[in-house]
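Before any comments, here is the structure.
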Amino acid sequence: MTTPPPDPLRVALWLAGQGYAVHPLVPGLKVPVRGCDRCSPGTIERPNPAHVEHDGHTCPCHASGRPCHGVLAATTDPDRITAWWTRTPTAGVGVAAGPSGLVILDVDCHGGEAPTDPERLLPGVELPDDIVPGSIVDGRDVLALLVEARRATLPGCAPETFTVRTPSGGLHYWFRSPAGAQWRPQAGVLGWQLDVRAGSSYAVAPGTATRQGAYTALGDCRTVAELPQSWPSVHAWPTSPSCCTPSTASPAGAASTPSTGHRTR
């Protein structure tokens, strides 16, 4: 029997209850919903003539409760969240990294040809000489290689942290940013197909269904471990950060996903 996906509104409200700011995504896609005519530029093929160029940070639509400008509209206000998802019940749930105090390690599973240059594969890391040709297929393999080189454990294993599997088979490891630490979105800075979602970027919440498939919470852990201050400079994984405990039970379906091991080849 197939378990029905959790209701997007319940997921959004549960996340907001943990202090994570959310915003709606286009149903079936992983992009923010379209804003009002004034805020939406349209596309290159179909520009919006009603669009007015302005600073999204100071847009009056935020005070009016409109979900314009994606991450900039993200909120933890339950009334506003309820209004958004009542209007569009099948909207996906985006989690704004910066406003939520999150740093999310995005391990991609896009395939493709791995770079032969060690500095592009794993910048700043001395690689072993016995890597089998063709054994590095995607970001999961690069992550396994990184933790082996650092003699560390996989993120999410020690300590446990909230982990989401993407439709392509990739992984999102959620961490709380230490107080005072400033992060920004970065692609490939840790290694090939290893990205950082932080600052102005966002992640797709588990339970969100896209045309490619659903985002799924792995295992039973619903706490988010803290990312140590030392991590940005030494590229080392945390060993004993504290965790924060959610204040409420996770929404139906989100906590009942099968326990799945972290796939690294």
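Numbers at a glance
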| item | result |
| --- | --- |
| Relative contact order, percent, segment 1-150 [alpha-carbon distance under 8 Å, six or more residues apart] | 26 percent |
| Using θ = phi - 60° and Karplus 6.51 cos²θ - 1.76 cosθ + 1.60, couplings along segment 98-109 (whole Hz; Gly, Pro as x) | x, x, 8, x, 10, 10, 10, 7, 9, 9, 7, 9 |
| Dipole of segment 54-163, positive end: most advanced residue of Gly112, Ala96, Ile136 [Cβ charges, Cα centre] | Ala96 |
| Potential lengthening between Arg211 and Glu126 on full extension [0.36 nm per residue; Cα-Cα distance subtracted] | 26.7 nm |
| Sequence of Val22, Val33 when ordered by accessible area, the most exposed leading, probe 1.4 angstrom | Val33, Val22 |
| Pair Gln182, Thr58: separation of 7 Å Cα→Cβ label points (nm) | 2.1 nm |
| Exposure ranking of Trp84, Trp183 by accessible area [1.4 Å probe, largest first] | Trp183, Trp84 |
| Whole-Hz couplings from phi, Karplus 6.51/-1.76/1.60, listed for segment 209-225; x for Gly and Pro | 9, 10, 5, 8, x, 9, 8, 10, 6, 8, x, 10, 6, 10, 9, 10, 6 |
| Sum of side-chain charges, Ala203 neighbourhood, beta-carbon under 10 Å (Lys, Arg +1; Asp, Glu -1) | +1 |
| Within segment 12-121, GluC sites (Glu not before Pro) in DSSP loop having at most 11 other beta-carbon neighbours inside 10 Å | Glu45, Glu53, Glu113 |
| Table column - 3J(HN,Hα) (Hz), segment 33-39, Karplus curve with 6.51, -1.76, 1.60, x for Gly and Pro | 5, 5, x, 5, 4, 5, 9 |
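The values are calculated or read from the model by the stated rules, or taken from the named source; none is laboratory data. It should be emphasised that the depicted structure is a prediction, and the values quoted were computed from it without experimental measurement. So basically every Cβ, Gly included, is an ideal-geometry build from the backbone, and we count neighbours across all protein chains shown. For accessibility, only protein heavy atoms count, side chains too; no ligands or nucleic acids. Shrake-Rupley method; radii C 1.70, N 1.55, O 1.52, S 1.80 Å.
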